[in-house]
Amino acid sequence: MLAEEYFQRYRGSIIKQLSFVRDHVPFYRDLDVESIKTYSDFVEIVPVVSPDEFVRAPEQFYSGLPIEFVRHSSSTSGKAKRVFLTKHDLDHWAAAAAIDLAPYYSGG
C-alpha cells in the first residue's frame with residue numbers, strides 16, 4: 001500500500017492523535033492539524049523529532065497524562081533519553097511482547 005493510500009485509510013485516527021498531541025504536548029502546541037489533508041501535508045507540517053531534542057528537553061514531550069514509568073533508553077551516543085510511559089503504553093507493550101514471545105513459549 002502506498003503512503004498516501006495508507007494515510008487516507010487511517011486519516012481519522014491519525015488526525016485524532018495529532019489533535020491530542022497538539023492540545024497536550026508542548027513540543028506540538030503550534031501544530032496546524034486542520035491543514036493536514038494528505039500524506040504530503042503530513043510530511044511537510046508534522047515536525048520530525050531529533051534524538052538531541054529528547055535529551056535536551058524531555059519535558060517538551062510529556063502529555064500531562066499520569067506517568068506510570070520513566071524509561072531510560074539505551075543509546076549509542078551515550079546520552080540516555082527519558083521516555084515517559086502511561087499505563088496505556090505499558091499495557092500496549094505487554095500485549096505486544098506477549099504476541100512476540102508466544103511462538104517461543106511451550107507452556108508449563
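The values are calculated or read from the model by the stated rules, or taken from the named source; none is laboratory data. Since we're looking at a predicted model, the values are computed, not measured. Quick reminder, even Gly has a Cβ in these numbers, built from the backbone with ideal geometry, and neighbours come from all protein chains shown.
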Point to revise | Selection status of residue 15, closer than 23 Å to residue 88 by Cα, of a type in the set (A, V, I, L, M, F, W, C) and assigned by TED's automatic domain parsing to the domain that holds residue 87 | key: no
Residues of segment 80-98 being surrounded by fewer than 12 Cβ atoms within 10 Å (Cβ to Cβ) and either among the hydrophobic types (A, V, I, L, M, F, W, C) or touching a His at 6+ places or on another chain (Cβ under 8 Å) (or both), in sequence order, are 94, 95, 96, 97, 98
Subject >> Check on residue 78, of a type in the set (Gly, Ala, Ser) and over 26 Å from residue 91 (Cβ atoms) >> reply: yes
Only one of (1) surrounded by 10 or more Cβ atoms within 10 Å (Cβ to Cβ); (2) at pLDDT 80 or above; (3) polar (S, T, N, Q) does not apply to residue 75, and that is (2)
Subset of segment 30-67, residues among the polar types (S, T, N, Q) and either free of Cβ contacts under 8 Å to residues at least 12 places away in the same chain or closer than 24 Å to residue 84 by Cβ (or both), comes to 35, 50, 60, 63
